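As structure tokens, the structure follows; a few thoughts come after it.
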Amino acid sequence: MRKALAGTSNRSAPGPDGIGYKLIKRVLDLKLGSELIREVAENLINGRIPKEWQHSKVVMIPKPGKDHGKTKGWRPINLINCIGKLGEKVVADRLQESGLLHKHQFGSVKGKSATEAALRVVMRAQRCMAAEGAVGWNFWDVKGGFQNVREEDVIRELEKSEEGKKWIPWVKKFFRARKFELEWDGKVRGKGKTDIGAPQGSPLSPVIFLIWIASIITKMEEALKNRWPTFDLELPSYVDDLHLGVSIWERIMARGIKMDEVLDEADKIVNRIATENHLPLEDSKHERLILPKKRRRKNKDVKWVKWLGIIMDESLTFKEHWKARIKKARAMLAQFNRLGNSQWGISATSWRQIYTGMIRAIALWGSELGWRGQRD
């Protein structure tokens, strides 16, 4: 419990009860704090969740430049009571170690990152192309995310692990209907109750989603490998972003393959299994990229896809990615120029913090993918 609390941010917004992590940390060394930690721990051990801990406040934030007369013009932020989230953090940590996640899931998994997922995909493709093989990629996005999670499927997966079995009574309480209040412009506009999927804003929901989707990804992989047993196929994912990498290493086979047809059929297989398992995929966000076997002519249009914030071009030069990152960093720098210069405004120390913490971070996002062992 104390380890989970230490990993929280004092800036996290509180739920309807107004108690944030900062306040909990302030009273931690007092009798009140010890009793609170003990109460949460006992509820975890006994598979209980007080209903008050699951209450939430949904704050509607208007999206700039959107039609606010439609729901898509607003961004809902679900604020759950921090005391309840503290217990959920503990369960999330335990379930990550339960062995129920797919080996190629990267998002919301400790020790893994978006750039690691992209780096794995790119390096496999580069090695295959260097061996005169063939590479094709499919990309999908899950529609709705956490709201698709089905309780009965999650419980069935938890039963496959000894650690998972321990948390079944508690997870069943996690899925029960939660009360919420709706707020915008600083006023409560309504109240309701929902039991659809896993709640947004919960630190446990991403892990529950990963456990639910892991078995579906496994079914997809098995179906694809049964269809093409000689192909090298992988289905890495980052939370609700799915990727299929098709690599054909055998040179003669690679020359005769029609990758477009393979990706078409693979798309049908993935969508069929997704439909059978109540996993909706966003048709409008489905993309593909086939890496060319010959070098692209200089004046030819570059084909590319954007995955996990990284623009991947068909030649894997990442020139389009670097252009976009530099442009974004310069735009951010121009905004900060209003805060001062060498003669007036914020201090040199503040400028350094802005540059290293924001400007440079924006410019260098995904830079690991462009490393080719260069030397100064």
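For residue 140, the solvent-accessible surface computed with a 1.4 Å probe is close to 10 Å², ligands and nucleic acids excluded. Computed over the chain with a Gaussian network model linking Cα atoms closer than 10 Å, the most mobile of 284, 247, 205 is 284.
Where both residues lie in the chain, what percent of DSSP beta bridges are antiparallel, nearest 5? So the antiparallel bridges in the chain amount to around 90 percent.
For the chain, what is the accessible area per residue in Å² when the probe is 1.4 Å?
In whole numbers, the chain has 57 Å² accessible per residue.
Note that the range 61-73 has calculated 3J(HN,Hα) couplings of 10, x, 7, x, x, 9, 6, 7, x, 10, 5, 5, x Hz, one per residue in order, obtained from phi through the Karplus relation 6.51 cos²θ - 1.76 cosθ + 1.60 (θ = phi - 60°); glycine and proline are x. Over every Cα atom in the range 97-231, the radius of gyration and the widest Cα-Cα span, Dmax, amount to 19.1, 62 Å. Site pair residue 61 and residue 349 shows an inter-label distance of 3.0 nm when each label is modelled 7 Å from Cα along Cα→Cβ.
Close amide-amide hydrogen proximity is noted between residue 281 and 143, each under 5 Å apart and 5 or more residues distant or on a separate chain (H modeled in the peptide plane; Pro and chain starts excluded).
Which value, in nm² and rounded to one decimal, describes the direction-averaged projected area of the C-alpha convex hull of the range 313-376?
On the way: hull surface 21.9 nm².
If I average the Cα hull's projected area over directions, I get 5.5 nm².
Sequence-distant contacts, meaning Cα pairs under 8 Å at least 6 residues apart, place the relative contact order of the range 210-337 at 15 percent. Note on the range 52-176: Cα Rg divided by 2.2 N^0.38 Å, N the number of residues, gives 1.43. Across the accessible surface of the range 241-313, with the other protein chains kept in place and a 1.4 Å probe, carbon and sulfur atoms take up 47 percent. If you plug the beta carbon distance of residue 290 and residue 358 into 1/(1 + (r/R0)^6) with R0 = 30 Å, you get a FRET efficiency near 0.25. Label point 7 Å out from residue 97 along Cα-to-Cβ: which residues of the range 1-25 have amide N under 17 Å? Hits in the range 1-25 for residue 97 at 17 Å: 1-7.
With both labels modelled 7 Å from their Cα along Cα-to-Cβ, the residue 276 to residue 35 distance reads 5.5 nm. May I ask you to give the percent of accessible area on the range 334-375 that is carbon plus sulfur, with a probe radius of 1.4 Å? With neighbouring chains kept in place, the figure for the range 334-375 is 55 percent.
Here the calculated FRET efficiency for residue 130 and residue 219, from their Cβ-Cβ distance with R0 = 30 Å, stands at 0.40, rounded to the nearest 0.05.
Taking a ≥ b ≥ c as the square roots of the eigenvalues of the Cα gyration tensor, the chain is oblate, since a/c reaches 1.5 or more and a/b is not larger than b/c. Accessible surface of residue 228, taken over heavy atoms with a 1.4 Å probe and every protein chain present, rounds to 20 Å². Once the chain from residue 193 to residue 371 is taken as fully extended at 0.36 nm per residue, the excess over their C-alpha distance is 59.1 nm. Taking the centroid of alpha carbons for each part, the range 204-225 and the range 75-126 are 13 Å apart. Length gained on full extension, residue 143 to residue 283: 49.5 nm, using 0.36 nm per residue less the C-alpha separation.
Rounded to the nearest whole Hz, the Karplus-based 3J(HN,Hα) values (6.51 cos²θ - 1.76 cosθ + 1.60, θ = phi - 60°) of the range 99-104 follow the sequence x, 9, 8, 6, 5, 10, with x at glycine and proline.
The residue list 69, 117, 107 was ranked by how far each Cα lies along the charge dipole of the range 43-125 toward its positive end, using unit charges on Cβ atoms, and 69 comes out on top.
Positive-end ranking of 311, 256, 246 along the dipole of the range 243-328, with charges on Cβ about the Cα centre, is headed by 311. The GluC sites (Glu not before Pro) of the range 197-279 meeting both criteria, a DSSP state outside H, G, I, E and B (loop) and at most 16 other C-beta atoms within 10 angstrom of the site's C-beta, are 250. What you get for the range 246-376, charging only the Cβ of Lys and Arg (+1) and of Asp and Glu (-1), is a dipole of about 960 debye around the Cα centre. The range 250-317 and the range 344-364 have Cα centres spaced 38 Å apart.
For the range 194-231, the residues whose backbone nitrogen is under 14 Å from a point 7 Å from the Cα of residue 249, taken along Cα to Cβ, are 230-231. Evaluated over the Cα positions of the range 142-213, the convex hull gives a direction-averaged projected area, one quarter of its surface, of 5.6 nm². Exposure check, 1.4 Å probe, all protein chains in place: residue 355 carries approximately 120 Å² of accessible surface. Shown are 48, 120, whose ranking by accessible area with a 1.4 Å probe and every protein chain present, most to least, is 48, 120. Here the extension length gained between residue 68 and residue 172 equals 33.8 nm, from 0.36 nm per residue of separation less the Cα-Cα distance. The radius of gyration of the Cα set in the range 206-359, together with its Dmax, comes out at 21.7, 68 angstrom. Taking every alpha-carbon pair under 8 Å whose residues sit at least 6 apart, the chain reaches a relative contact order of 18 percent.
In this label model, residue 156 and residue 332 are separated by 4.4 nm, measuring between points 7 Å along each Cα→Cβ vector. Counting only C-alpha contacts under 8 Å and six or more residues apart, can you give the relative contact order of the range 118-204 as a whole percent? Reported relative contact order: 25 percent. Normalised radius of gyration (Cα atoms, divided by 2.2 N^0.38 Å) for the range 199-243: 1.40. 3J(HN,Hα) couplings calculated from phi for the range 222-234 with the Karplus curve 6.51 cos²θ - 1.76 cosθ + 1.60 (θ = phi - 60°) are, in sequence order, 4, 5, 5, 6, 5, 6, 10, x, 8, 8, 8, 10, 9 Hz; Gly and Pro show x.
The values are calculated or read from the model by the stated rules, or taken from the named source; none is laboratory data. Keep in mind it's a predicted model, so treat the numbers as computed, not measured. No Cβ is skipped: glycine too gets one built from the backbone with ideal geometry, and neighbour counts run over all protein chains shown. For the accessible areas, the whole protein counts, side chains as well, though only heavy atoms, and no ligand, DNA or RNA atoms are used. Shrake-Rupley method; radii C 1.70, N 1.55, O 1.52, S 1.80 Å.
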